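Enquirer: I have a structure I would like to understand better, so I am pasting it below and will then ask my questions one at a time.
The values are calculated or read from the model by the stated rules, or taken from the named source; none is laboratory data. All values reported here derive from a predicted model rather than from experimental measurement. Methodologically, a virtual Cβ is constructed for each residue, glycine included, from the backbone with ideal geometry; neighbour enumeration extends over all protein chains shown.
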C-alpha cells in the first residue's frame, strides 16, 4: 500500500467551464512554433535556417549553456521563420507542417537493457531531456547534475486543470516505460491522487496525496517526501511528458501529441483536445470561444498560466488552454461593502462560503489596489510546505540572498505561490517576485 | 452608469499633467471608494484573483466597531444624565435611551470628524507626495482614536495627537503595512504622556456640557466620576457591579466600556477571519492567569475575572492587539504575543502604582517584541532546514 500523505492547507477554486471527458483531435495547424521561453532558464541557439526541411525530432534550437540539450521540432516540414524580438531574442522557431508527418527514427529500445548513461543519451538526442525542470531555480535541467530524485506529479488540481485520468487513458503502457526509463537515471517519486489507476506504477516510489490544491504541485510533494537541501538537485517532469519518453523507447520516435483541456467559462463546449506541442492556440479553440465579450485566453490554467492569443503557439509544458472574461470595463459600485454574490472569496465577508458547490465565473480583474502585505496568515493558509512564504517573499523583495537560501527558496517554484497570489488581499504579484528571486539566486551562484 | 462616466471624464484633469494633478491621490481614493479598480492581471502570474481586498477587510473592522461606537455614544449621554441627576444609579439604564444616545452622538461626532480630517488629510498629502494610492488603513485608526480617549479630551489636543501618530508612528515607517506601533495607541500614548491631566484622574470621564437642542439638563462643572480601575488604583472599593461593567454603563474611555458590544465585534472579526482569534484568545488567557495569580493584591471585593471586564482590556484584546501589521506574522507567534499582552496588562494594572490601566502600554510594548517573536519562529524553521542539510 502506497504511503498516504494528507495535505491540510490549500484551496479548491470551483470555476465554471470544466472540460467534459470527451477527447477529440484538434484540427492540424498550418504552422507550428516552438517557443524557447517555455523552457525557462535556457539560452536558445537556433541550429536551423529558414528554408531547412526538418522531421519531427530534428533539433530546432539547443541550449547555449549545454549544447547537448536539444529542443526538437514537433512536426515534419519546412522552417519558415525564426521569430526574434528585442535584442534579437528568439521568440519562436516556426515550422510549416508537411502534408505527411515524418519522424526521425531513434530506434526502439528495451529500457530494461539500458543503463542510466544510455537513457540520458537517448533523451538528450531526442530533445526530451529539455522537458526536465530542475529545482533549485525551477529552470531546465543541467545534464551534468546527478539528481537525488526525479519527481512526477500525476495530480492536476489547479482550477480547470486537465484531469489526469482522462489525459492518461490508454497511455498507461508508455507511461510505465517512461517511469522505468527515468528510474535508470535516479530514484523516481510518483505522486498520485487517491484511487488513481496509476497507483500501481512500478519502478517508482508511489505516494498518495490527499488534499486541496496545491497538493498536486510537484513542489509540495517534494517538500513532504524528500525536501531539497542546499547543494541538492531534483528533477521534475510532467506526467504526460513521461509518456513522451515512453513513446520514444517503445516506438523509436518523438511524438509530442498531448491531450489538453480546453476549458473555462468563455469556452462554448469545454472538452479535451489532442494537440501537438507548438500548435496554434487559434486552431485549438477554433469556433469554441464566446465572442459576445472580451475574452482572455490563457495558455495553462488560470492560476499559473500565461495570457496568450489566437496567433500564439501553445507552450511546451501546457496541459490546458483556458478562457475567462476580461471584464476590464465593468463598474462595480462600492465593492468594499456590497455583498457581490457572484464573487468567489476565501473571506467570509463574502458569501461564497454558503455556496460551496457553486461554479464561479471569475474574470481577469485584480479586484483591489496593490498594498504592502497587511493581513497576516493569508499565504500560510494555502501554502502546504514547511516554509514561511511571507518571510521568503520579503527576503526576495529585499534581495537578501543568504536569507532566501536559509528560508528554503531552493524548494520552491513560482507555481507553488499561485494559490497564495490568488487569495492575497494586498494583491502582491507573488509568482513574479519568486521568479525574479530564483533568477537572481541562480545568477549569483553561477 | 452616470457616476462612472463622470469620474472617467474627470480623470484626465487629475492625472499627471492635468490641471488638478496635485489632487490626484484624492481623486484616486474617491474613484476606488466608488468602484472596484478595473486593473486586470498581468500577462504572467495568477490570471484570476480573490474578490477580497484590503479595503473590504479594513471596512469590516469598522463594521465590527459599530456596536462599541453606538454603545459608547449612549454611555456618554447616560453618564451625563447620572452626573446631572437626571437619572440616578437606581433608575433603569433603559430610561431615555434615545435622548442619551443623541447627546452622546453630539459629543462624539466632532471627535470623529477631527480624527478623520487630520489623519486622512496627512495620509492623502503623503500619498500625493510619494505618488502612491491612498491606503485605507486610517479608516480603522481614525475611528479607534475617538473610542479610546476620555470623553472630555479637547478637540485641539486630539488633533495634535492624531497628527503626531500618523506622521511619526506610521508615515515615517512607510505607511500602512510598515508601521511598528499601532497608530491609534500611539495617539493615546502621546496624550497620556503629553497631557496627563486630560487622560486620567476623576474629572475626564463624564461630559458635563449642556447641549440645548438635545438635552434639557443644565451644565455641571467638572463632573467627578471614577472608573473601576481608578478606584482600584486608589485602593477604594469598586462601586460598579460586574453586571455594570459587562453591559458597560460605567465611566471610561468612550468605546471600551461595554464587554457585550466589544464581543459582538469580536464575533464579526473572527467569523470573517480578519482578526486573529489566536491573539484574542491568548490575550484573555494571559490576562486571566495573571489576574488569578495576583488576585490578593487588588481591592478585596474585586474578583480576579472582573479584571478582564474593566478598563480597556476587552477593547485592546479584540481591536488593538489583533492589528495584523503590528502583531506577529507567524501563527505560533500570535499565541505568545497575545498571552504576554494579557499578562503584562494585568501586571501593570495591579503592581504598578503609577498607572491604573496597563493595556495600552502592554500592547505597545509587545508591538516592539512582535518582530522578535517572529524571529524565533522563523529562525527555528531556518535551523531545522540547516540541520537537515548538514545530515
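Enquirer: Identify, by number, the condition in (1) facing chain A (nearest Cβ under 7 Å); (2) more than 25 Å from the chain's Cα centre (by Cα); (3) under 26 Å from residue B:143 (Cβ atoms); (4) at pLDDT below 90 that residue B:28 doesn't meet.
Expert: (1)
Enquirer: Does region B:161-178 hold any residues that are away from every other protein chain (no Cβ under 14 Å) and either crowded, with 17+ Cβ neighbours inside 10 Å or in contact with a strand residue (DSSP E or B) (Cβ under 6 Å, 6 or more places away or on another chain) (or both), and which are they?
Expert: Listed by number, the residues that qualify are B:161, B:162, B:164, B:165, B:166, B:169.
Enquirer: Taking only region A:363-382 into account, find how many residues are more than 24 Å from residue B:328 (Cα to Cα) and more than 7 Å from chain B (Cβ to nearest Cβ).
Expert: So the answer is 1.
Enquirer: Residue under question is residue A:192, and the condition is that it be surrounded by fewer than 20 Cβ atoms within 10 Å (Cβ to Cβ) and touching a residue at least 24 places away in the same chain (Cβ under 8 Å); does it hold?
Expert: So residue A:192 fails the test.
Enquirer: Another question, if that's okay. Can you tell me which of (1) out of contact with any strand residue (DSSP E or B) (no Cβ under 8 Å at 6 or more places or on another chain); (2) within 7 Å of another protein chain (Cβ to nearest Cβ); (3) touching a residue at least 12 places away in the same chain (Cβ under 8 Å); (4) within 28 Å of residue B:64 (Cβ to Cβ) is the one residue A:340 doesn't meet?
Expert: Of (1) out of contact with any strand residue (DSSP E or B) (no Cβ under 8 Å at 6 or more places or on another chain); (2) within 7 Å of another protein chain (Cβ to nearest Cβ); (3) touching a residue at least 12 places away in the same chain (Cβ under 8 Å); (4) within 28 Å of residue B:64 (Cβ to Cβ), only one is false for residue A:340: (3).
Enquirer: Okay, moving on. Look at residue B:133 and say whether it is farther than 23 Å from residue B:72 by Cβ, touching a residue at least 24 places away in the same chain (Cβ under 8 Å) and surrounded by fewer than 24 Cβ atoms within 10 Å (Cβ to Cβ).
Expert: The answer is yes for residue B:133.
Enquirer: If you don't mind, there's one more thing I want to ask. If a residue counts only when it is within 14 Å of another protein chain (Cβ to nearest Cβ), more than 14 Å from the chain's Cα centre (by Cα) and under 23 Å from residue B:184 (Cβ atoms), which helices (runs of 4 or more DSSP H) contained entirely in region B:234-340 have at least 2 such residues?
Expert: B:259-271, B:277-293
Enquirer: Could you please tell me which pairs satisfy a Cβ distance under 6 Å, a separation of 6+ or placement on different chains, a first residue in region B:216-232 that is buried (at least 19 other Cβ atoms within 10 Å of the Cβ), and a second residue that is at pLDDT 80 or above and not in a loop (DSSP other than H, G, I, E, B)?
Expert: Going by the 6 Å Cβ cut-off, the qualifying pairs are B:223/B:83.
Enquirer: Suppose we filter A:437, A:399 for residues that are away from chain B (no Cβ under 11 Å) and in contact with a helix residue (DSSP H, G or I) (Cβ under 6 Å, 6 or more places away or on another chain); which single one remains?
Expert: A:437
Enquirer: Exactly one of (1) part of a loop (DSSP other than H, G, I, E, B); (2) in contact with a helix residue (DSSP H, G or I) (Cβ under 9 Å, 6 or more places away or on another chain); (3) crowded, with 24+ Cβ neighbours inside 10 Å is unmet by residue A:202. Its number?
Expert: In the conditions (1) part of a loop (DSSP other than H, G, I, E, B); (2) in contact with a helix residue (DSSP H, G or I) (Cβ under 9 Å, 6 or more places away or on another chain); (3) crowded, with 24+ Cβ neighbours inside 10 Å, residue A:202 misses (3) alone.
Enquirer: Now for a different question. Taking region A:155-213, which residues are at positive phi and within 18 Å of the chain's Cα centre (by Cα)?
Expert: A:160
Enquirer: One residue is enough: does region A:350-362 have a residue meeting the conditions buried (at least 18 other Cβ atoms within 10 Å of the Cβ), over 30 Å from residue A:394 (Cβ atoms) and more than 7 Å from chain B (Cβ to nearest Cβ)?
Expert: yes
Enquirer: Would you mind listing the strands (runs of 3 or more DSSP E) fully within region A:1-107 where at least 1 residues are more than 19 Å from residue A:284 (Cβ to Cβ)?
Expert: Those strands (runs of 3 or more DSSP E) span A:3-7, A:44-46, A:59-63, A:66-72, A:77-84, A:90-97.
Enquirer: For region A:320-332, state whether one or more residues are part of a loop (DSSP other than H, G, I, E, B), within 7 Å of chain B (Cβ to nearest Cβ), at pLDDT 90 or above and under 27 Å from the mean Cα position of the chain (by Cα).
Expert: yes
Enquirer: If you don't mind, there's one more thing I want to ask. Is it the case, given these coordinates, that residue B:68 is modelled with pLDDT of 90 or more, part of a loop (DSSP other than H, G, I, E, B) and surrounded by 18 or more Cβ atoms within 10 Å (Cβ to Cβ)?
Expert: The answer is no for residue B:68.
Enquirer: So, in region A:330-361, how many residues would count as being within 22 Å of residue A:429 (Cα to Cα) and touching a helix residue (DSSP H, G or I) at 6+ places or on another chain (Cβ under 9 Å)?
Expert: Counting residues in region A:330-361 that are within 22 Å of residue A:429 (Cα to Cα) and touching a helix residue (DSSP H, G or I) at 6+ places or on another chain (Cβ under 9 Å) gives 7.
Enquirer: Within region A:296-307, track down each residue that is in contact with a strand residue (DSSP E or B) (Cβ under 7 Å, 6 or more places away or on another chain) and surrounded by 21 or more Cβ atoms within 10 Å (Cβ to Cβ).
Expert: A:296, A:297, A:298, A:299, A:300, A:301, A:302, A:305
Enquirer: Another question about this same structure. Would it be correct to say that residue B:123 is within 14 Å of another protein chain (Cβ to nearest Cβ) and more than 26 Å from the chain's Cα centre (by Cα)?
Expert: no
Enquirer: In addition: Please indicate, with yes or no, whether at least one residue in region A:82-90 is crowded, with 19+ Cβ neighbours inside 10 Å and within 18 Å of residue A:315 (Cβ to Cβ).
Expert: Looking for residues that are crowded, with 19+ Cβ neighbours inside 10 Å and within 18 Å of residue A:315 (Cβ to Cβ), one finds at least one in region A:82-90, hence yes.
Enquirer: Only one of A:231, A:149 is over 16 Å from the mean Cα position of the chain (by Cα), under 30 Å from residue A:444 (Cα atoms) and without any contact (Cβ under 8 Å) to a residue 24 or more places away in the chain. Can you tell me which?
Expert: A:231
Enquirer: Which condition does residue B:42 not pass, out of (1) part of a helix (DSSP H, G or I); (2) without any contact (Cβ under 8 Å) to a residue 24 or more places away in the chain; (3) facing chain A (nearest Cβ under 10 Å); (4) surrounded by fewer than 23 Cβ atoms within 10 Å (Cβ to Cβ), if it passes all the others?
Expert: (1)
Enquirer: Okay, next question. Any idea which residue in region A:402-434 is surrounded by the most Cβ atoms within 10 Å (Cβ to Cβ), counting only those that are more than 7 Å from every other protein chain (Cβ to nearest Cβ) and touching a strand residue (DSSP E or B) at 6+ places or on another chain (Cβ under 9 Å)?
Expert: A:412
Enquirer: Quick one: which of B:23, B:6 is more than 14 Å from chain A (Cβ to nearest Cβ) and either assigned to a helix (DSSP H, G or I) or farther than 30 Å from residue A:360 by Cβ (or both)?
Expert: B:23
Enquirer: Here's something else I'd like to know. Does region A:293-305 contain any residue that is part of a loop (DSSP other than H, G, I, E, B), more than 7 Å from chain B (Cβ to nearest Cβ), farther than 22 Å from residue A:214 by Cα and touching a residue at least 40 places away in the same chain (Cβ under 8 Å)?
Expert: no
Enquirer: Inspect all residues belonging to region B:55-64 and state whether any of them is out of contact with any strand residue (DSSP E or B) (no Cβ under 9 Å at 6 or more places or on another chain), more than 8 Å from every other protein chain (Cβ to nearest Cβ), modelled with pLDDT under 80 and farther than 30 Å from residue B:226 by Cβ.
Expert: no
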